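Structure, as C-alpha coordinates:
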Amino acid sequence: MLGVHDPESHFKGAEKLVAVVIPDFEYLKAQNITNAKHEISFALDSLGRELPGYQRVRDYIIRADALPRTATRKIRRFEVQKLIEAEGPSQFSARDLSQFKLTDSDRHFLGTDAGRSVVSVLSSHLKQPIEIHPKMNLELDLGLDSLTRAECIVGLEHLLNLEFDQEKAASVLTVQELIDLTAAQITGPVKVQGSESAVINWRAILKSASADMPELQPILKRKPLMFWFAYLILRPIYWFARIFLRMEVEGIEVFSTLKPPFLVCPNHQSLVDAFIVCSTYPRPVLKNTFHVGARMYFEGSFMSSLAPAINVVPIDANVNLVNAMRAGAGGLRAGKILNIYPEGHRTFDGMLHEFKQGAAILATELNLPIVPVALDGAYKVLPRDSSRIRLAKVKIRFGKPIYPMGDYQSLTNELKESIQRMLDEGRENTKQTK
(Lines give C-alpha, C1' and ligand atoms only; values in the text may rest on other atoms or scores of the structure.)
Protein backbone atom coordinates (compact mmCIF):
# COMPACT_ATOMS: atom_id res chain seq x y z
CA MET A 1 0.00 0.00 0.00
CA LEU A 2 1.18 3.54 -0.72
CA GLY A 3 0.03 7.14 -0.64
CA VAL A 4 -0.87 8.60 -4.02
CA HIS A 5 -1.82 12.18 -4.88
CA ASP A 6 -5.60 12.55 -4.87
CA PRO A 7 -6.73 14.76 -7.79
CA GLU A 8 -10.31 14.82 -6.42
CA SER A 9 -9.29 16.33 -3.08
CA HIS A 10 -9.90 20.01 -2.38
CA PHE A 11 -6.62 20.21 -0.45
CA LYS A 12 -3.39 20.87 -2.30
CA GLY A 13 -0.94 18.00 -1.99
CA ALA A 14 -3.50 15.67 -0.40
CA GLU A 15 -2.94 11.94 -0.78
CA LYS A 16 -5.07 8.84 -0.56
CA LEU A 17 -4.04 5.33 0.39
CA VAL A 18 -3.97 3.00 -2.62
CA ALA A 19 -3.50 -0.78 -2.56
CA VAL A 20 -1.74 -2.45 -5.48
CA VAL A 21 -2.72 -6.12 -5.56
CA ILE A 22 -1.24 -8.93 -7.64
CA PRO A 23 -3.70 -11.83 -7.36
CA ASP A 24 -2.70 -15.44 -6.71
CA PHE A 25 -4.55 -16.97 -9.66
CA GLU A 26 -4.13 -20.53 -8.41
CA TYR A 27 -5.85 -19.56 -5.16
CA LEU A 28 -8.66 -17.81 -7.06
CA LYS A 29 -9.15 -20.90 -9.18
CA ALA A 30 -9.21 -23.21 -6.14
CA GLN A 31 -11.84 -20.98 -4.48
CA ASN A 32 -14.02 -20.67 -7.64
CA ILE A 33 -13.47 -16.89 -7.65
CA THR A 34 -13.99 -15.47 -11.13
CA ASN A 35 -14.39 -11.80 -10.22
CA ALA A 36 -11.03 -10.95 -8.66
CA LYS A 37 -11.70 -7.21 -8.40
CA HIS A 38 -14.93 -7.79 -6.47
CA GLU A 39 -13.41 -10.25 -3.99
CA ILE A 40 -10.24 -8.23 -3.40
CA SER A 41 -12.10 -4.99 -2.73
CA PHE A 42 -14.44 -6.83 -0.33
CA ALA A 43 -11.51 -8.35 1.59
CA LEU A 44 -9.58 -5.08 1.84
CA ASP A 45 -12.69 -3.18 2.92
CA SER A 46 -13.17 -5.73 5.71
CA LEU A 47 -9.56 -5.37 6.84
CA GLY A 48 -9.93 -1.61 7.07
CA ARG A 49 -13.29 -1.60 8.85
CA GLU A 50 -11.84 -0.87 12.28
CA LEU A 51 -9.25 1.64 11.06
CA PRO A 52 -9.67 5.43 11.22
CA GLY A 53 -10.65 7.04 7.94
CA TYR A 54 -7.19 8.36 7.06
CA GLN A 55 -5.73 4.82 7.32
CA ARG A 56 -8.30 3.12 5.09
CA VAL A 57 -7.56 2.07 1.53
CA ARG A 58 -9.48 4.38 -0.81
CA ASP A 59 -8.63 2.80 -4.15
CA TYR A 60 -7.58 -0.63 -5.43
CA ILE A 61 -5.39 -1.43 -8.38
CA ILE A 62 -5.53 -5.05 -9.53
CA ARG A 63 -2.42 -5.82 -11.58
CA ALA A 64 -1.33 -9.04 -13.25
CA ASP A 65 2.24 -7.93 -14.08
CA ALA A 66 4.98 -7.96 -11.45
CA LEU A 67 5.95 -4.71 -9.75
CA PRO A 68 9.38 -3.13 -10.31
CA ARG A 69 11.86 -4.38 -7.69
CA THR A 70 15.40 -3.67 -6.57
CA ALA A 71 18.30 -6.14 -6.87
CA THR A 72 17.40 -7.36 -3.37
CA ARG A 73 13.76 -8.03 -4.45
CA LYS A 74 12.28 -5.06 -2.57
CA ILE A 75 9.45 -3.21 -4.29
CA ARG A 76 10.44 0.17 -5.69
CA ARG A 77 7.63 2.00 -3.89
CA PHE A 78 8.48 5.52 -5.10
CA GLU A 79 8.73 4.29 -8.69
CA VAL A 80 5.34 2.58 -8.39
CA GLN A 81 3.86 5.75 -6.89
CA LYS A 82 5.18 7.90 -9.74
CA LEU A 83 3.91 5.45 -12.36
CA ILE A 84 0.41 5.45 -10.86
CA GLU A 85 0.30 9.25 -10.67
CA ALA A 86 1.67 9.62 -14.21
CA GLU A 87 -0.37 6.90 -15.93
CA GLY A 88 -3.48 6.83 -13.74
CA PRO A 89 -4.79 3.76 -11.86
CA SER A 90 -6.57 2.21 -14.86
CA GLN A 91 -3.55 2.44 -17.16
CA PHE A 92 -1.16 1.21 -14.46
CA SER A 93 -3.35 -1.81 -13.76
CA ALA A 94 -3.59 -2.72 -17.44
CA ARG A 95 -1.23 -5.49 -18.48
CA ASP A 96 1.18 -4.74 -21.32
CA LEU A 97 -0.45 -6.88 -24.00
CA SER A 98 2.56 -6.51 -26.27
CA GLN A 99 4.28 -9.19 -24.19
CA PHE A 100 1.85 -11.77 -25.59
CA LYS A 101 3.62 -13.02 -28.72
CA LEU A 102 1.92 -15.82 -30.60
CA THR A 103 4.19 -18.76 -31.36
CA ASP A 104 3.52 -21.39 -34.03
CA SER A 105 2.29 -23.66 -31.22
CA ASP A 106 -0.12 -20.96 -29.99
CA ARG A 107 -1.45 -20.39 -33.51
CA HIS A 108 -2.03 -24.11 -33.96
CA PHE A 109 -3.84 -24.24 -30.59
CA LEU A 110 -6.07 -21.28 -31.52
CA GLY A 111 -6.71 -22.84 -34.92
CA THR A 112 -8.39 -25.95 -33.50
CA ASP A 113 -12.17 -26.22 -33.57
CA ALA A 114 -12.35 -25.29 -29.88
CA GLY A 115 -9.81 -22.49 -30.31
CA ARG A 116 -11.59 -20.90 -33.27
CA SER A 117 -14.92 -21.16 -31.47
CA VAL A 118 -13.63 -19.50 -28.29
CA VAL A 119 -11.83 -16.72 -30.19
CA SER A 120 -14.99 -16.07 -32.22
CA VAL A 121 -17.12 -15.72 -29.08
CA LEU A 122 -14.62 -13.66 -27.11
CA SER A 123 -13.97 -11.31 -30.03
CA SER A 124 -17.67 -10.52 -30.29
CA HIS A 125 -17.70 -9.33 -26.66
CA LEU A 126 -14.53 -7.23 -26.58
CA LYS A 127 -14.79 -3.44 -26.45
CA GLN A 128 -11.72 -3.08 -28.68
CA PRO A 129 -10.34 -5.61 -31.18
CA ILE A 130 -7.10 -7.26 -30.01
CA GLU A 131 -5.11 -10.35 -30.96
CA ILE A 132 -6.17 -12.96 -28.43
CA HIS A 133 -3.46 -15.05 -26.79
CA PRO A 134 -4.06 -18.33 -24.91
CA LYS A 135 -2.39 -17.00 -21.75
CA MET A 136 -4.57 -13.90 -21.47
CA ASN A 137 -6.70 -13.57 -18.33
CA LEU A 138 -10.41 -13.23 -19.12
CA GLU A 139 -10.98 -10.54 -16.52
CA LEU A 140 -7.72 -8.61 -16.23
CA ASP A 141 -6.54 -8.76 -19.87
CA LEU A 142 -9.78 -9.00 -21.84
CA GLY A 143 -11.88 -6.95 -19.40
CA LEU A 144 -14.74 -9.46 -19.08
CA ASP A 145 -16.88 -8.97 -15.97
CA SER A 146 -19.07 -11.72 -14.55
CA LEU A 147 -22.05 -10.80 -16.74
CA THR A 148 -20.01 -10.73 -19.95
CA ARG A 149 -18.36 -14.05 -19.02
CA ALA A 150 -21.83 -15.53 -18.67
CA GLU A 151 -22.77 -14.24 -22.12
CA CYS A 152 -19.61 -15.83 -23.57
CA ILE A 153 -20.33 -19.20 -21.97
CA VAL A 154 -23.91 -19.19 -23.26
CA GLY A 155 -22.64 -18.03 -26.66
CA LEU A 156 -20.30 -21.01 -26.86
CA GLU A 157 -23.08 -23.39 -25.83
CA HIS A 158 -25.32 -21.93 -28.54
CA LEU A 159 -22.60 -21.91 -31.19
CA LEU A 160 -21.50 -25.51 -30.59
CA ASN A 161 -24.80 -26.99 -29.35
CA LEU A 162 -23.32 -28.18 -26.06
CA GLU A 163 -23.78 -27.59 -22.34
CA PHE A 164 -20.98 -26.83 -19.90
CA ASP A 165 -20.70 -27.97 -16.34
CA GLN A 166 -21.34 -24.62 -14.63
CA GLU A 167 -18.86 -25.18 -11.80
CA LYS A 168 -16.09 -25.98 -14.28
CA ALA A 169 -17.04 -23.01 -16.44
CA ALA A 170 -16.98 -20.70 -13.40
CA SER A 171 -13.45 -21.80 -12.51
CA VAL A 172 -11.99 -20.83 -15.90
CA LEU A 173 -9.61 -17.86 -15.66
CA THR A 174 -7.68 -17.79 -18.95
CA VAL A 175 -8.35 -18.18 -22.67
CA GLN A 176 -6.40 -21.44 -22.69
CA GLU A 177 -8.51 -22.90 -19.90
CA LEU A 178 -11.69 -21.93 -21.72
CA ILE A 179 -10.44 -23.57 -24.93
CA ASP A 180 -9.46 -26.75 -23.02
CA LEU A 181 -12.91 -26.86 -21.40
CA THR A 182 -14.58 -26.40 -24.78
CA ALA A 183 -12.39 -29.04 -26.47
CA ALA A 184 -13.39 -31.56 -23.81
CA GLN A 185 -17.07 -30.99 -24.69
CA ILE A 186 -16.80 -31.18 -28.49
CA THR A 187 -17.71 -34.63 -29.79
CA GLY A 188 -18.06 -34.06 -33.53
CA PRO A 189 -16.99 -31.80 -36.43
CA VAL A 190 -17.45 -28.05 -35.90
CA LYS A 191 -18.20 -25.36 -38.45
CA VAL A 192 -17.33 -21.96 -36.98
CA GLN A 193 -18.91 -19.07 -38.84
CA GLY A 194 -18.40 -15.34 -38.31
CA SER A 195 -18.37 -13.77 -34.86
CA GLU A 196 -21.96 -12.61 -35.35
CA SER A 197 -23.11 -16.21 -34.93
CA ALA A 198 -21.58 -16.24 -31.46
CA VAL A 199 -23.32 -13.12 -30.18
CA ILE A 200 -25.79 -13.98 -27.43
CA ASN A 201 -27.37 -11.16 -25.46
CA TRP A 202 -29.39 -11.18 -22.26
CA ARG A 203 -32.67 -11.02 -24.15
CA ALA A 204 -31.85 -14.38 -25.73
CA ILE A 205 -30.55 -15.80 -22.43
CA LEU A 206 -33.68 -14.80 -20.49
CA LYS A 207 -36.09 -15.86 -23.23
CA SER A 208 -36.26 -19.39 -21.83
CA ALA A 209 -36.86 -18.22 -18.23
CA SER A 210 -40.36 -19.10 -17.04
CA ALA A 211 -42.34 -19.97 -13.94
CA ASP A 212 -41.77 -23.66 -14.76
CA MET A 213 -38.13 -23.57 -13.60
CA PRO A 214 -37.61 -26.25 -10.90
CA GLU A 215 -35.77 -23.76 -8.67
CA LEU A 216 -38.88 -21.57 -8.48
CA GLN A 217 -41.42 -24.24 -7.57
CA PRO A 218 -40.88 -24.16 -3.78
CA ILE A 219 -41.79 -20.45 -3.63
CA LEU A 220 -44.46 -20.44 -6.33
CA LYS A 221 -46.33 -23.37 -4.81
CA ARG A 222 -45.87 -22.51 -1.16
CA LYS A 223 -48.96 -22.78 1.05
CA PRO A 224 -50.64 -19.85 2.86
CA LEU A 225 -49.39 -21.24 6.16
CA MET A 226 -45.80 -20.60 5.04
CA PHE A 227 -46.61 -16.95 4.32
CA TRP A 228 -48.03 -16.47 7.79
CA PHE A 229 -44.93 -18.15 9.21
CA ALA A 230 -42.73 -15.58 7.45
CA TYR A 231 -45.06 -12.75 8.45
CA LEU A 232 -44.91 -13.76 12.13
CA ILE A 233 -41.10 -13.74 11.92
CA LEU A 234 -41.00 -10.26 10.39
CA ARG A 235 -43.52 -8.49 12.65
CA PRO A 236 -41.35 -8.74 15.81
CA ILE A 237 -38.36 -7.59 13.70
CA TYR A 238 -40.39 -4.57 12.57
CA TRP A 239 -41.32 -3.52 16.10
CA PHE A 240 -37.80 -4.20 17.38
CA ALA A 241 -36.45 -1.92 14.65
CA ARG A 242 -39.08 0.73 15.35
CA ILE A 243 -38.43 0.80 19.10
CA PHE A 244 -34.76 -0.06 19.58
CA LEU A 245 -33.29 1.03 16.24
CA ARG A 246 -35.57 4.11 16.02
CA MET A 247 -36.34 3.07 12.45
CA GLU A 248 -37.83 5.74 10.19
CA VAL A 249 -39.67 4.75 7.01
CA GLU A 250 -40.54 7.14 4.18
CA GLY A 251 -42.18 6.65 0.80
CA ILE A 252 -43.82 3.29 1.56
CA GLU A 253 -46.92 4.58 -0.25
CA VAL A 254 -45.11 3.98 -3.56
CA PHE A 255 -46.31 0.38 -3.42
CA SER A 256 -49.94 1.52 -3.67
CA THR A 257 -49.17 2.92 -7.14
CA LEU A 258 -47.67 -0.29 -8.53
CA LYS A 259 -48.94 -3.72 -9.41
CA PRO A 260 -46.62 -6.76 -9.60
CA PRO A 261 -44.36 -7.64 -11.23
CA PHE A 262 -41.60 -5.13 -10.50
CA LEU A 263 -38.18 -4.98 -8.85
CA VAL A 264 -37.20 -3.51 -5.48
CA CYS A 265 -33.52 -2.49 -5.25
CA PRO A 266 -32.08 -1.44 -1.87
CA ASN A 267 -28.43 -0.63 -1.28
CA HIS A 268 -26.62 -3.33 0.70
CA GLN A 269 -25.25 -2.58 4.18
CA SER A 270 -25.68 -5.68 6.33
CA LEU A 271 -26.87 -9.27 6.56
CA VAL A 272 -30.01 -7.94 8.30
CA ASP A 273 -31.00 -5.74 5.33
CA ALA A 274 -33.60 -8.10 3.86
CA PHE A 275 -35.26 -8.68 7.24
CA ILE A 276 -35.43 -4.98 8.11
CA VAL A 277 -36.58 -3.78 4.67
CA CYS A 278 -39.12 -6.58 4.12
CA SER A 279 -40.55 -6.08 7.61
CA THR A 280 -41.88 -2.72 6.38
CA TYR A 281 -43.69 -4.13 3.34
CA PRO A 282 -47.51 -4.15 3.23
CA ARG A 283 -48.85 -7.68 3.36
CA PRO A 284 -49.77 -7.93 -0.36
CA VAL A 285 -46.23 -6.85 -1.29
CA LEU A 286 -44.58 -9.17 1.22
CA LYS A 287 -46.69 -12.08 0.00
CA ASN A 288 -45.40 -11.65 -3.56
CA THR A 289 -41.76 -10.75 -2.82
CA PHE A 290 -38.96 -13.22 -3.53
CA HIS A 291 -35.17 -13.17 -3.38
CA VAL A 292 -32.40 -14.98 -5.23
CA GLY A 293 -29.94 -15.69 -2.40
CA ALA A 294 -26.48 -17.22 -2.14
CA ARG A 295 -26.76 -20.98 -1.68
CA MET A 296 -24.01 -20.98 0.96
CA TYR A 297 -26.42 -19.38 3.47
CA PHE A 298 -29.12 -22.02 2.94
CA GLU A 299 -27.29 -25.31 3.38
CA GLY A 300 -28.31 -27.97 5.87
CA SER A 301 -31.78 -29.34 6.62
CA PHE A 302 -33.05 -26.38 8.66
CA MET A 303 -31.83 -23.58 6.39
CA SER A 304 -32.86 -25.40 3.21
CA SER A 305 -36.39 -25.75 4.60
CA LEU A 306 -36.39 -22.11 5.76
CA ALA A 307 -35.56 -20.78 2.27
CA PRO A 308 -39.02 -21.35 0.69
CA ALA A 309 -40.72 -20.11 3.86
CA ILE A 310 -39.07 -16.70 3.44
CA ASN A 311 -39.33 -16.80 -0.37
CA VAL A 312 -35.63 -17.29 -1.12
CA VAL A 313 -34.41 -19.13 -4.21
CA PRO A 314 -30.92 -20.39 -3.21
CA ILE A 315 -28.53 -20.21 -6.18
CA ASP A 316 -24.79 -19.61 -6.11
CA ALA A 317 -24.53 -16.69 -8.54
CA ASN A 318 -20.72 -16.91 -8.56
CA VAL A 319 -20.95 -20.41 -10.02
CA ASN A 320 -24.18 -20.16 -11.98
CA LEU A 321 -24.92 -16.53 -12.76
CA VAL A 322 -27.05 -17.39 -15.79
CA ASN A 323 -29.31 -19.63 -13.73
CA ALA A 324 -29.63 -16.94 -11.06
CA MET A 325 -30.67 -14.39 -13.69
CA ARG A 326 -33.12 -16.83 -15.25
CA ALA A 327 -34.62 -17.55 -11.83
CA GLY A 328 -35.11 -13.82 -11.29
CA ALA A 329 -36.74 -13.44 -14.70
CA GLY A 330 -38.90 -16.54 -14.19
CA GLY A 331 -40.23 -15.27 -10.87
CA LEU A 332 -41.01 -11.87 -12.37
CA ARG A 333 -42.82 -13.49 -15.28
CA ALA A 334 -44.89 -15.37 -12.70
CA GLY A 335 -46.10 -12.03 -11.38
CA LYS A 336 -43.79 -11.78 -8.37
CA ILE A 337 -41.73 -8.91 -6.94
CA LEU A 338 -37.96 -9.40 -6.99
CA ASN A 339 -35.90 -7.95 -4.13
CA ILE A 340 -32.34 -7.57 -5.47
CA TYR A 341 -29.20 -5.75 -4.27
CA PRO A 342 -27.34 -4.11 -7.18
CA GLU A 343 -24.11 -3.64 -5.21
CA GLY A 344 -23.52 -7.37 -4.88
CA HIS A 345 -21.74 -7.08 -1.53
CA ARG A 346 -22.13 -5.18 1.72
CA THR A 347 -20.56 -1.85 2.54
CA PHE A 348 -18.48 -1.42 5.69
CA ASP A 349 -18.84 2.35 6.15
CA GLY A 350 -22.20 3.24 4.58
CA MET A 351 -20.68 4.38 1.27
CA LEU A 352 -22.17 2.99 -1.94
CA HIS A 353 -20.11 0.50 -3.91
CA GLU A 354 -20.16 0.01 -7.67
CA PHE A 355 -23.59 -1.08 -8.91
CA LYS A 356 -23.77 -4.15 -11.13
CA GLN A 357 -26.09 -4.35 -14.14
CA GLY A 358 -28.15 -7.41 -13.13
CA ALA A 359 -31.22 -5.46 -11.97
CA ALA A 360 -31.05 -3.17 -15.01
CA ILE A 361 -30.87 -6.16 -17.36
CA LEU A 362 -33.95 -7.78 -15.82
CA ALA A 363 -35.91 -4.52 -15.75
CA THR A 364 -35.00 -3.65 -19.34
CA GLU A 365 -35.59 -7.05 -20.91
CA LEU A 366 -38.89 -7.58 -19.08
CA ASN A 367 -39.90 -3.89 -19.33
CA LEU A 368 -40.54 -3.53 -15.59
CA PRO A 369 -40.07 -0.62 -13.16
CA ILE A 370 -37.51 -0.54 -10.35
CA VAL A 371 -38.29 0.85 -6.90
CA PRO A 372 -35.04 2.31 -5.48
CA VAL A 373 -34.58 1.96 -1.72
CA ALA A 374 -32.09 3.95 0.38
CA LEU A 375 -31.21 2.02 3.54
CA ASP A 376 -28.97 3.75 6.06
CA GLY A 377 -27.62 2.73 9.45
CA ALA A 378 -27.85 -1.05 9.05
CA TYR A 379 -24.08 -1.28 8.62
CA LYS A 380 -23.79 -0.07 12.23
CA VAL A 381 -26.41 -2.54 13.50
CA LEU A 382 -24.59 -5.63 12.21
CA PRO A 383 -21.20 -4.64 10.73
CA ARG A 384 -19.38 -6.86 8.28
CA ASP A 385 -17.35 -9.63 9.92
CA SER A 386 -19.29 -9.22 13.17
CA SER A 387 -21.93 -11.38 14.82
CA ARG A 388 -23.00 -8.88 17.50
CA ILE A 389 -26.12 -6.75 17.06
CA ARG A 390 -25.60 -3.09 17.98
CA LEU A 391 -28.34 -0.53 18.56
CA ALA A 392 -28.09 2.20 15.92
CA LYS A 393 -30.60 4.39 14.12
CA VAL A 394 -31.93 3.03 10.82
CA LYS A 395 -33.60 4.95 8.01
CA ILE A 396 -35.43 3.48 5.02
CA ARG A 397 -36.64 5.60 2.15
CA PHE A 398 -38.52 4.24 -0.87
CA GLY A 399 -38.07 6.32 -4.01
CA LYS A 400 -40.18 6.92 -7.09
CA PRO A 401 -40.25 4.04 -9.60
CA ILE A 402 -37.61 4.14 -12.31
CA TYR A 403 -38.71 2.89 -15.73
CA PRO A 404 -36.17 1.40 -18.15
CA MET A 405 -35.12 3.66 -20.99
CA GLY A 406 -31.88 3.32 -22.90
CA ASP A 407 -29.10 0.85 -22.18
CA TYR A 408 -28.27 -1.20 -19.08
CA GLN A 409 -25.50 1.11 -17.86
CA SER A 410 -27.67 4.23 -18.08
CA LEU A 411 -30.37 2.57 -15.98
CA THR A 412 -27.79 1.29 -13.50
CA ASN A 413 -26.36 4.81 -13.16
CA GLU A 414 -29.81 6.29 -12.68
CA LEU A 415 -30.60 3.74 -9.97
CA LYS A 416 -27.38 4.45 -8.09
CA GLU A 417 -27.84 8.23 -8.37
CA SER A 418 -31.40 7.95 -7.03
CA ILE A 419 -30.30 5.95 -3.98
CA GLN A 420 -27.28 8.21 -3.37
CA ARG A 421 -29.51 11.27 -3.53
CA MET A 422 -31.92 9.81 -0.96
CA LEU A 423 -29.01 8.84 1.32
CA ASP A 424 -27.55 12.35 1.09
CA GLU A 425 -30.90 13.98 1.83
CA GLY A 426 -31.49 11.71 4.81
CA ARG A 427 -28.05 12.37 6.27
CA GLU A 428 -28.41 16.13 5.73
CA ASN A 429 -31.75 16.11 7.55
CA THR A 430 -30.12 14.23 10.44
CA LYS A 431 -27.42 16.91 10.71
CA GLN A 432 -29.98 19.70 10.75
CA THR A 433 -32.04 18.14 13.54
CA LYS A 434 -29.01 17.75 15.84
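The values are calculated or read from the model by the stated rules, or taken from the named source; none is laboratory data. Just so it is clear, the structure is predicted and the values come from calculations on it, not from any experiment. Please note: Cβ atoms are built from the backbone with ideal geometry, for glycine as well, and neighbour counts cover all protein chains shown.
Screening 157, 167 for residues that are outside the structural domain of residue 412 (by TED's automatic domain parsing), touching an Asp or Glu at 6+ places or on another chain (Cβ under 7 Å) and within 24 Å of residue 362 (Cα to Cα) leaves exactly one candidate, 157. With respect to the conditions (1) modelled with pLDDT of 85 or more; (2) within 30 Å of residue 97 (Cα to Cα), residue 207 falls short on a single one, namely (2). Note on the stretch 271-307: residues that are part of a helix (DSSP H, G or I), out of contact with any Lys or Arg (no Cβ under 6 Å at 6 or more places or on another chain) and modelled with pLDDT of 90 or more total 12.
Yes or no, residue by residue, for (1) at pLDDT below 95; (2) part of a loop (DSSP other than H, G, I, E, B); (3) not assigned by TED's automatic domain parsing to the domain that holds residue 402:
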{"position": "219", "(1), (2), (3)": "yes, no, no"}
{"position": "229", "(1), (2), (3)": "yes, no, no"}
{"position": "234", "(1), (2), (3)": "yes, no, no"}
{"position": "240", "(1), (2), (3)": "no, no, no"}
{"position": "253", "(1), (2), (3)": "no, no, no"}
{"position": "264", "(1), (2), (3)": "no, no, no"}
{"position": "269", "(1), (2), (3)": "yes, yes, no"}
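Considering the stretch 242-266, and only residues there that are touching a residue at least 12 places away in the same chain (Cβ under 8 Å) and aliphatic (A, V, I, L, M), the residue that is farthest from residue 342 (Cα to Cα) turns out to be 245.
For the stretch 387-403, state whether one or more residues are under 30 Å from residue 166 (Cα atoms) and either touching a residue at least 24 places away in the same chain (Cβ under 8 Å) or touching a helix residue (DSSP H, G or I) at 6+ places or on another chain (Cβ under 7 Å) (or both). No, there is no match, as no residue in the stretch 387-403 is under 30 Å from residue 166 (Cα atoms) and either touching a residue at least 24 places away in the same chain (Cβ under 8 Å) or touching a helix residue (DSSP H, G or I) at 6+ places or on another chain (Cβ under 7 Å) (or both). Return the residues of the stretch 138-164 that are in contact (Cβ under 8 Å) with a residue 24 or more places away in the chain and aliphatic (A, V, I, L, M); say none if nothing qualifies. Matches in the stretch 138-164: 138, 140, 142, 147, 150, 153, 154, 156, 159, 160, 162.
Considering the stretch 152-175, the residues that are in a helix (DSSP H, G or I) and of a type in the set (Gly, Ala, Ser) include one that is farthest from residue 188 (Cα to Cα), namely 170.
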